[in-house]
Amino acid sequence: MHVVKISLRQVSILTALYTIGSAILIVPSGMASIAKQDAWIACLAGSGLGFIILAVQLQLFRKHPEANLMQWTEKLFGKWIGKTVNLLLLLTLFLGGPATVLHEIGIFMTIQMLPETPIQAIIFLFGALAVLGVRLGLEVLARAAEMLFPWFLLLFLSMSILLLSEIHWEHATPILESGISPIFPAALSFVSIAFLPHIVLMVIFPGAVNRSAEAYKAVYIGSLVGAAALFLIIGLSILVLGPDITARNMYPSYMLAKKINIGNFLQRIEAVMAVMWFITLFFRISLYFYAIAIGISQVFHIKNYQPLVMPLGWILAAVSVFIYPNVPFKLQWDATIWVPYTITVGFLFPLVLLILHGLRKMLPKKSKKQSDSA
Amino acid sequence: MLNIAIIAVSAAVIVWLELPRMLREQEYREIWGFIAFLVIGIGISLAQTIFNDIPTPVSLITIVFKPFSHWLSMFGLIQ
């Protein structure tokens, strides 16, 4: 398998697009339903918490910039337990990550834009796109990200600027109406979607960056850009739509794009703005899927992951059709099960790895003595 | 019946796209992995066409993480 090398700039851009990912569609509604008009405060708190979590995850990266998560587990847990842990991690990530995001875009399209199209058609088409991207490899994905990121920024900033005239500052008042207690669950729901899944990047980036010692900085910068974009979109949802409408809508950011109205002339450009979500969702699905493909190829010692991509993509498309039986199930699952799952995988798991690594470092001589005496 | 035919045709297309290159380069591990995952994928698709209603696989994650979820909601961290 030829060596993949991407630059630091590409790492930042991929991280930013991955952070924004599906969060731009689903985060404002969930946060506004918990924290009402203080969702923007919760977003700031969540970003702070997110960077702490990111520091833990990136500590793995900084200790051994060339070893990815799969190799860490195999080294620390031993071969068989490590492989079992890796397989469980990959299986659950597969179900919770790309399959649900692919379903998400299916629901989004069938609810908002193409109500008479069956969801399978959208899922298969978008899944085929992700398979194509992942099969071509990380370098191609990174270059595509570099090419599409300016378009994303253009759409995002133009949407923000065009919405300035619709802002009602009174929507954000009263600040902290019900105290700070609803801030914590809202921040947690933000972190669970925007920051905790960054553990996936620890499978992709180690060993794939040309200046690996500095790659963690690039991940920080990308996450910062992503968090800023999410903060803007949450703030705009609250200020333009108001907390009630934001909480009641499934996709408030799409509703925001519908609100653009400049002199009764420039209006209803939400279909153009939807390109923005296609870009971010594509990179979210592709990075998840790429991580799973290379993870599986490492667990089974397959040198070339590319032949696995098409069968895995088939499984992905087939599973994501029935991953959520209905929309209430999805909302319930995202709010109650996805949060503890990502806390376990994205925070506790790297923490356990780090502790084990520290213990190993502390006791190298003792174990050698024991083995000598035995 | 049409669905099963479509599944068979797409499986054949995927095999035709991938297998010759792997055979030429004698990547036998890759071939085993490819066939295993393709069989799983075909199995899921067939199950979907034959039984209309399959339970969602995320319920497995739900069973494992339910206690943790309850514990978090006791602290008011999940609403």
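The numbers here are math on the coordinates, done by the rules we state, and not lab data. These figures come from a predicted structure and were not determined experimentally. No Cβ is skipped: glycine too gets one built from the backbone with ideal geometry, and neighbour counts run over all protein chains shown.
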Quiz prompt | Extension gain (nm, one decimal) between A:E66 and A:H168, 0.36 nm per residue minus Cα-Cα | solution = 31.8 nm
Quiz item: For B:72-79, what's the mean count of beta carbons from other chains sitting within 10 Å of each residue's beta carbon?
Solution: 6
Practice problem: Extending each Cα 7 Å along its Cβ direction at A:A213 and B:I31, get the distance between those two points in nm, one decimal. | Solution: 4.5 nm
Practice problem: Mind sorting A:T280, A:T84, A:T336 by how few other Cβ atoms lie within 10 Å of their own Cβ, fewest first? | Solution: A:T84, A:T336, A:T280
Quiz item: Looking only at other chains, what is the average number of their beta-carbon atoms within 10 angstrom of each beta-carbon in A:319-328?
Solution: 3
Self-check item: Cα-based helix-to-principal-axis angle, B:58-74 vs chain B, degrees rounded to 10
Solution: 20 degrees
Exercise. Sort the stretch A:273-316 into rounded, prolate or oblate with this rule: let a ≥ b ≥ c be the square roots of the eigenvalues of the Cα gyration tensor; rounded if a/c is under 1.5, and if a/c is not under 1.5, prolate when a/b is larger than b/c, oblate otherwise.
Key: prolate
Practice problem: Sort B:D53, A:D38 so the one with the fewest other Cβ atoms within 10 Å of its own Cβ comes first. | Solution: B:D53, A:D38
Exercise. Once you have a ≥ b ≥ c as the square roots of the Cα gyration tensor eigenvalues for the protein assembly as shown, tell me rounded if a/c is under 1.5, and otherwise prolate or oblate according to whether a/b is larger than b/c.
Key: oblate
Quiz item: If you build a Gaussian network model of chain A, linking Cα atoms that sit under 10 Å apart, which residue out of A:H301, A:H357, A:H103 swings the most?
Solution: A:H301
Quiz prompt | Helix-only CD estimate at 222 nm, as mean residue ellipticity for chain A, using -39500 (n - 2.57) per DSSP H run (n ≥ 4) | solution = -23500 deg cm²/dmol
Self-check item: Averaged over A:341-348, number of beta-carbon atoms from partner chains that fall within 10 Å
Solution: 2
Exercise. Work out the FRET efficiency for B:L2 and A:R9 from their Cβ-Cβ distance, taking R0 = 45 Å, and round it to the nearest 0.05.
Key: 0.40
Exercise. Springs between alpha-carbon atoms under 10 Å, Gaussian network over chain A: tell me which of A:F190, A:F349, A:F300 tops the mean-square fluctuations.
Key: A:F300
Quiz item: How far is it, in nm, from the label point at A:V140 to the one at A:T84 when both lie 7 Å from their Cα along the line to the Cβ?
Solution: 3.8 nm
Exercise. Would you mind classifying the stretch A:286-356 by shape? Square roots of the alpha carbon gyration tensor eigenvalues, ordered a ≥ b ≥ c; an a/c under 1.5 is rounded, otherwise it is prolate if a/b is larger than b/c and oblate if not.
Key: oblate
Quiz item: For chain B, what is the mean residue ellipticity at 222 nm derived from helices alone (per DSSP H run of n ≥ 4: -39500 (n - 2.57); sum divided by total residues; nearest 500 deg cm²/dmol)?
Solution: -27500 deg cm²/dmol
Quiz item: So, in nm, how far is label A:S181 from label B:L46 when the simple model puts each one 7 Å beyond its Cα toward the Cβ?
Solution: 5.5 nm
Practice problem: Give a residue-ordered list of calculated ³J(HN,Hα) values for the stretch A:347-361 (Karplus: 6.51 cos²θ - 1.76 cosθ + 1.60, θ = phi - 60°; whole Hz; x for Gly, Pro). | Solution: 10, 5, 5, x, 5, 4, 4, 5, 5, 4, 4, x, 4, 4, 5
Quiz item: Ordered by packing density, taken as the mean number of other Cβ atoms within 10 Å over each peptide's residues, highest first, how do A:5-17, A:60-72 rank?
Solution: A:5-17, A:60-72
Quiz prompt | 0 to 90° range, to nearest 10: angle between helix A:306-321 axis and chain A longest Cα axis | solution = 50 degrees
